[in-house]
Amino acid sequence: MTHAPTPATAVRAARPRTGRSRSLTVILGGAIIPLVLLAVWQTVASLGIMPTSQLPSPVMVWDAGVDLAQRGLLLPNIGISVQRVFLGFAFGAAAGLFLGAIVGLSRLGDVLLAPTLGALRTVPSLAWVPLLIIWLKYGEVSKVTLIAIGAFFPVYTTVSAALRHVDRNLVEAARAFGLNGFALFRTVQLPAVLPSVISGLRLALAQAWLFLVAAELLAASMGLGWLLSDSQNNGRTDRIFLAIILLAIIGKLSDALIGIFARWANKRWA
Amino acid sequence: MSPVPASAAARVRFDSVEKSFAGASRSEGERRVLRDVTLDVAPGEVIAILGTSGCGKSTLLRIVGGLDGATGGAVRLDEQSIVGIDERTAIGFQEPRLLPWRTVTQNVALGLPQGTPAAAGRERVARLISLVGLEDFADHRPREISGGMAQRTSLARALARTPGVLLLDEPFGALDALTKLRMQDLLLSIHEAEPATILLVTHDVDEALQLADRVIVLGHEEGISGATIIEELTVPGTRPRDRGSAELAELRGRLLSGLGIDRHGSARGIETEPGIPIFPY
């Protein structure tokens, strides 16, 4: 469909250039503090204020990374951690979406499920570990399950709450035009809660990384969390720094992926 | 031949309609809002429903739309009782209630009856959008258009259903005075192009006189709970009516006093002196 461009579209067409220079500012501005921290770290390390065994220099950490990579130990450790987070996040978020939708949309679901899930939510994450190990042993399943538990609750909570607060007037208007059941959900409720769903997913991803490290610190023979505990036992502070920095970078990257999805969804639905 | 059949304006009959709501607490009994509303609306007629706020005018409309059920009596559409949301009715709410993530076109398309062929639906939506004068804004989102435009979109959405009865619940109540007058004229030309029966709830006496064939006033009789029709009058002349006509001014005063507004201020001892000669001069 074509129509004459209105002032509104003309304004929007002029915006991208300023937008690009702004995003450059954001990237450069965001890099300032990490660079300053790096400089401070290097200075403190080279002045010898703290012993090297407690504070290795940035170069030593880099070398430790290169050393692990050359021996073929770095990528498998990263890979297995990413895989665990991805699987646990996927299962947990899917279950959270499903149960959140049931509790948010149906009165019966709310009455039956909400109290139980609310109680389970208050159980501290690490309380599950002994039970998971007895039931599921030390394999992948127990770790993925723990991460899924962590990812489940943020999604469940935000989805059920958001569905309960969808504008009643909009729902009523859509019903008055003959929409019902799944068509109503797809047309009104789902688009209305999408922004909250995405922020729930974001929280869930952060939780997933948290639970990953908890799982790997306690019972693992591979992964970034295992690298942390193994390095602690061997006194390899450089590797501890390496694992922490890797967790920060990968966590930020995965969060940025959801951020891109969020921006796309907001443009599409909001 | 038009691919979508033109609406057949429906006859609406209210037969001793009563509506009570359950009390808010157990100690509080039922609250009767409407009682004994009996009215026969001819196909294609425009009826304005006046009343003070909270008198149940919206409830009456919602019963016809199937959003609320009557607790007594019945509403019949072409001799069929209304049960639930009816394909032959369409509602325009006081707020536009548009889906913010859909364009004007997509919002209007929401009103199409289920199972409308895609091509016919597109054609009908485009026709309605030009009928309400929004061709240039067809691809805009609701937040990018003004309140009056949003209300026109909502009107087009209701018309997309090809309703036999168009239910309008204070559709222009939230608009500024000038936009409101323009929207009233638009509604008249729409009614000419798509002659449905229209039930228009309003608290604006002038609007009622400008648009309606008949005006009914809902109100309470002393000592009885529940509002019923306390006044019913046929508006003389044909539309469009002159907004300044003296005859309408006389009816206006009558309706206002029916709504409990004293037209002369005589209650406060102000004497009325007709400064302007009364028609006919």
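The values are calculated or read from the model by the stated rules, or taken from the named source; none is laboratory data. Remember, predicted model here, so these are calculated numbers, not experimental data. Neighbour counts run over all protein chains shown; Cβ positions are idealised from the backbone, glycine included. Each accessible area value is taken on the protein alone, full model and side chains, heavy atoms only, with ligands, DNA and RNA left out. Shrake-Rupley method; radii C 1.70, N 1.55, O 1.52, S 1.80 Å.
Within segment A:179-200, the residues that satisfy the criterion of being at the interface with chain B (Cβ under 10 Å from one of its Cβ atoms) and among the polar types (S, T, N, Q) are A:Asn180, A:Thr187. Name the residue that is farthest from B:Gly92 (Cα to Cα), counting only residues in segment B:156-180 that are open to solvent by 30 Å² or more (accessible area, probe 1.4 Å) and in contact with an Asp or Glu (Cβ under 9 Å, 6 or more places away or on another chain). Only one residue tops the list, namely B:Lys180. Considered as a group, the residues in segment A:60-72 that are of a type outside the set (D, E, K, R) and open to solvent by less than 80 Å² (accessible area, probe 1.4 Å) include one that is modelled with the lowest pLDDT, and that residue is A:Gly72. Kindly indicate whether any position in segment A:162-179 is open to solvent by less than 60 Å² (accessible area, probe 1.4 Å), out of contact with any Asp or Glu (no Cβ under 6 Å at 6 or more places or on another chain), closer than 30 Å to B:Arg88 by Cα and of a type in the set (Phe, Trp, Tyr). Scanning segment A:162-179, I find at least one residue that is open to solvent by less than 60 Å² (accessible area, probe 1.4 Å), out of contact with any Asp or Glu (no Cβ under 6 Å at 6 or more places or on another chain), closer than 30 Å to B:Arg88 by Cα and of a type in the set (Phe, Trp, Tyr), so the answer is yes. Per the conditions (1) within 12 Å of another protein chain (Cβ to nearest Cβ); (2) at pLDDT 90 or above; (3) open to solvent by 20 Å² or more (accessible area, probe 1.4 Å), the sole criterion not satisfied by A:Leu203 is (1). Listed by position, the strands (runs of 3 or more DSSP E) enclosed by segment B:108-224 that each have at least 1 residues that are more than 14 Å from chain A (Cβ to nearest Cβ) and in contact with a helix residue (DSSP H, G or I) (Cβ under 7 Å, 6 or more places away or on another chain) are B:197-201, B:214-219. Tallying residues that are facing chain B (nearest Cβ under 7 Å), touching a helix residue (DSSP H, G or I) at 6+ places or on another chain (Cβ under 8 Å) and among the acidic types (Asp, Glu) within segment A:154-178 yields 0. Selection over segment B:87-100 of residues that are at pLDDT 90 or above, more than 8 Å from every other protein chain (Cβ to nearest Cβ) and open to solvent by 10 Å² or more (accessible area, probe 1.4 Å) gives a count of 2.
Assessment of segment A:97-113 against the conditions (acidic (Asp, Glu) and assigned to a helix (DSSP H, G or I)) yields at least one matching residue.
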